[in-house]
Each structure stands twice: as structure tokens, then as C-alpha cells.
Amino acid sequence: MNPVKVMSIFGTRPEAIKMAPLLLELQHHREIESVACLTAQHREMLDSVMSLFDLDAAFDLDIMEPGQTLYTVTAKVLTGLGQVLEQARPDLVLVHGDTTTAFSAALAAFYAKIPVGHVEAGLRSGDNLSPFPEEVNRKLVGQIASLHFCPTVRNAINLQHDGITNGVFITGNTVIDAMRYTLDKFPGTFGNELDQIDWQGRRVITLTCHRRENYGEPMAAIFRAIKALVEAHPDVELVYPVHPSPAVQEAARSILGNTDRVHLIGPLDTVQMHALLKRSYLIMTDSGGLQEEAPALGKPVLVLRRETERPEAVEAGTVQLAGVEEAEVFRLGALLLNDEATYQKMARATNPYGDGNASQRIAEAILWHFGHRGKRPVDFQPGE
Ligand code: UD1
Ligand code: UDP
């Protein structure tokens, strides 16, 4: 039998982090010819992941521009991929999650009549406007894809509600596989101002905030609450690796800039970021990936959003929805800093999102689908 030609198309930091372990896994199978195609919706943040995981891409659309819009990203990915797909003619295109790259790449593959596999399928917040535009992106990818790799059972149930029942596999999330790779690679120092922090004597809050639906007043309210939280707790240091998006940079600098014990730094590479999470007392974030990583490390998370498509860790008790109102974000942060019992209840390692073998299950599912395996892979079941 000919090898299955699998083209993985991705373009942002979170997609790269979560596709990296899968690309490494696909390379191990002689029945698979794996090629990567970058849209480069992100540039430095994407390249940093590629080099950490020692990955190369056969194609690179190199589309990023400062202040890009949803229109320009979508159009550039679609036209760029038209040529790549006609030239390479893969048997399967893999896309990840819910970015504009994922949606546009799935659409391009559909136009080229190439089947699509959706990694991290079936997440739903239930609100088309939040996260925006991600909720609609992932629904549309779900309609296009033939193979759906769901991190959890709940994700598969979400797909059933959309009428999708064929080609659904429960695999765990590849982000847990990625953490296996990164966690023991930290050299012990960050090589920046974080090395000045007294990690024994201080409690570190790690903040990330970049979602489009939080732009403007919600983000300003979140930053004011967190600034007040730091000022009210002299043993707290805030570390915020700020997303390079100009809208986020401006809000962060104007409210949190020049504040004692606040470290506004550039994006960290993923090895550094996972090391930072491990050393943190508390995580405050509107990021998707951090809601999966921090629970695995036993770190409480306050989610700076009104909803989440990742309710599993909320149910396990290690993640709490804090919303975007200033008083409530402050109140919940202060509770975790001042009430030991509340903190300890949330600070438990829990792993509803994976066991580190998601990439292997996805590779086996692809091989089974294309007739290279006699058996379907066994679905992921979270343990304690
Ligand atoms: C996108 C994804 C979002 C994901 C986020 C991850 C969509 C619709 N949204 O956010 O789901 O959580 O990426 O970070 O696809 N920039 C750089 N260098 C980089 C990356 C970005 O300078 O390496 C700057 C550029 O000015 C760019 C801006 O950041 O224009 C915003 O990037 P973009 O990918 O458009 O961000 P979002 O759509 O907000
Ligand atoms: N991350 C990183 N460096 C940073 C901030 C985040 O490597 O400075 C990682 C983080 O650990 C997680 C991923 O980036 O794996 C999350 O990406 P992001 O928040 O950009 O997107 P989202 O997950 O919200 O889509």
C-alpha cells in the first residue's frame, strides 16, 4: 500500500504547540508521509515553537502583517492554500482547533476535495459571539471534516448535537503530550527579569489575556482589578507575557505599566511558559490552552471570560469562571490569595484533558481509517 500523505496546516502559537507532538508522532510511521504547511498567521510565536520541537515545514505562506484583520487572514490563507493543495495533493489535511487558519484551511481543502481531519474537535461554548470568531470557526470546521479527534467525551457529545457521529475518536488533548516534551527541558533560568524574582518568598500570579471579545472595556476592567490585587498583596508578583497584538499591548502598558511587582514581558517560549506555570501560585487567563495545562500542574485557574468551552476542569474544581467584571475578578483573586482552604480545594492536579498519548491515538485512527490497521484505537478515558 502507498503511504498516506498527511498535510498538517497550522499558523498560530497554540495550534503549533498542540500539533507539534502529533507531527513528531506521524514522522515515526513508515505508512505515513507527513508534511507541514504553515500559514504563519503568527510569525515569531510560531517560529519559536517550530524550533523548540525541531520541526520543519515544506510550505510557508508567510501571511502575517501587523494589525491584520479576520478578512485579510482568511483571504490570504484561502488563496495561498489553493496553490499548495493543488501542487501537493495530500490524502488528508489536518487542521487544529478554531483559529482563522483552521477554518480557512478546512475550507480550502474542501474546495480541493481533500478530506479533513479536525484535531481538538467538538469544543463548544454555546455562544457564537464568545469566543469570537472561534466558536463559529470550530463549528464550520466540524461540518467540513470527515475525521474528528475529540479531546473528551463531552466534545464527542457536542458533535452529536450538530449531527456528527461518524469518524469521531476520543483521543485526549495533544497539549498534554506537548507538556511531556517541554517540562524537563527548562534550563533553570529564564534569561530575563524573571530571574530576579524571589520564587521562594513571593507568590507569583501568571496572567495572560488576549481574546478579541475582551478588547476594550472588559480587558481594561480585568487589568484594573489585577493591578488592585497586586497592590493589596505585598508578597505577590504578577508576571504577564503580553501577546504582541497591538490592541493588547496598548491596554496592558497603559494600565499595568510602571507598577511595582508587575512584570510585563514579551511572549515566552513554551518551555519557559510551562516552567512559569509550574512555579506560579495562581493563573489568571482568558487563554484556552492554559485552562488545560494549569490543572495538569495542580495550579488554580481563574478564567477571565463569561463562558468556557472547557468545562471539564471547572467540574473537577480546579478552574473557576471569574467573568470580566472588575469587582468580581478582584474578589475571586483576593479569596484565593487570602483563604487557604479555598486555595487548597482548587490546587489539585487533575487531568481531564489527556494522558500524554493523544498523538499516538490520532496517528492510529488515521492509519485505521486508511486501511493500514485492523483495529480502531481505544478511546481515551480520563483517570484520576
Ligand atoms: C489568534 C486566534 C486565537 C488564538 C490566538 C493565539 C483567530 C481568529 N484567533 O488571535 O484563537 O487564541 O491567535 O495567540 O485566529 N503578532 C505578532 N507576532 C506574532 C503573532 C502575532 O506580531 O508572532 C501580532 C500581529 O500584529 C498580528 C496580531 O498580533 O496582527 C494579532 O494576531 P492574530 O493571529 O490576528 O490574533 P487573534 O486573531 O487575536
Ligand atoms: N504560551 C507560550 N508563551 C506565552 C504565553 C502562552 O508558550 O508567553 C503558550 C501556553 O502555554 C499555551 C499556548 O501558548 O500552550 C496558549 O496560546 P494562546 O493563549 O496564544 O492561545 P489560546 O490557547 O487562547 O488559543
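Each reported figure results from applying straightforward, stated rules to the coordinates on display, with no laboratory input. These numbers come from a predicted model, not from an experiment. Neighbour counts are summed over all protein chains in view; Cβ atoms, including those assigned to glycine, are modelled from backbone coordinates with ideal geometry.
How tilted is helix 134-144 with respect to the longest principal axis of the chain? Cα atoms for both, answer in degrees (0 to 90, nearest 10). Its long axis makes an angle of about 10 degrees. According to the square roots a ≥ b ≥ c of the eigenvalues of the Cα gyration tensor, what is the shape class of region 278-384, taking rounded for a/c under 1.5, prolate for a/b larger than b/c otherwise, and oblate for the remainder? Prolate shape, in that a/c is at least 1.5 and a/b is the bigger ratio.
Computed packing ranks the peptides 212-218, 120-126 as 120-126, 212-218, most packed first, by mean other Cβ atoms within 10 Å. In percent, rounded to a whole number, the relative contact order of region 1-148 is 23, using alpha-carbon pairs under 8 Å and six or more apart.
Axis of helix 70-88 versus longest Cα principal axis of the chain: the two differ by about 30°, to the nearest ten degrees.
Reducing region 1-40 and region 110-146 to their Cα centroids gives an inter-centroid distance of 19 Å. With a cut-off of 14 Å between beta carbons, the residues surrounding Asp62 carry a summed charge of -2, where Lys and Arg count +1 and Asp and Glu -1. Looking at the chain, the pairs of alpha carbons with a distance over 30 Å make up 37% of the total. A crude spin-label estimate for the pair Gln83 and His372, with each label 7 Å from Cα along the Cβ direction, gives 3.0 nm.
Other residues within the sphere of radius under 14 Å centred on the Cβ of Met219, judged by their own Cβ, net out at +1 (K and R +1, D and E -1). Cut-off 20 Å, label point 7 angstrom out along Cα-to-Cβ of Arg331: give me the residues of region 288-310 whose amide nitrogen falls inside. Taking a point 7 Å out along Cα→Cβ of Arg331, the residues of region 288-310 whose backbone N falls under 20 Å are 301-308. Of the peptides 75-88, 172-185, 249-262, 99-112, the ranking by mean beta-carbon count within 10 Å, highest at the top, reads 99-112, 172-185, 75-88, 249-262.
Using the Cα gyration tensor of region 227-275, with a ≥ b ≥ c the square roots of its eigenvalues, what is the shape: rounded (a/c below 1.5), prolate (a/b larger than b/c) or oblate (neither)? Because a/c hits 1.5 or more and a/b fails to exceed b/c, region 227-275 counts as oblate. Indicate the gyration tensor shape class of region 1-100 (rounded, prolate or oblate), computed on the Cα atoms with a ≥ b ≥ c the square roots of the eigenvalues: a/c under 1.5 is rounded; otherwise a/b larger than b/c is prolate and the rest oblate. Oblate is the answer for region 1-100, as a/c is 1.5 or above yet b/c matches or exceeds a/b.
As a rough guide to protection, the peptides 229-235, 340-346, 57-63, 289-295 ranked by mean Cβ packing within 10 Å, highest first, stand as 289-295, 57-63, 229-235, 340-346.
Within 13 Å, Cβ to Cβ, of Ala275, how many net charges do the neighbouring residues add up to if Lys/Arg are +1 and Asp/Glu are -1?
Residues close to Ala275 contribute a combined charge of 0.
Across the cross-link table entries Lys18/Lys375; Lys5/Lys185; Lys299/Lys345, which are compared at the Cα atoms, the separations over 20 Å belong to Lys18/Lys375; Lys5/Lys185.
Here is how the number arises for the chain: DSSP H runs of 4 or more residues each give -39500 (n - 2.57), the sum is divided by the residue count, and the result at 222 nm is -13000 deg cm²/dmol. Each residue, Lys113 and Gln381, gets one label point 7 Å from its Cα in the Cβ direction; the gap between the two is 4.3 nm. Amide H contacts of Gly354: Asn173, each under 5 Å away and 5 or more positions distant or on a separate chain (H built 1.01 Å from N in the peptide plane; Pro and chain starts excluded).
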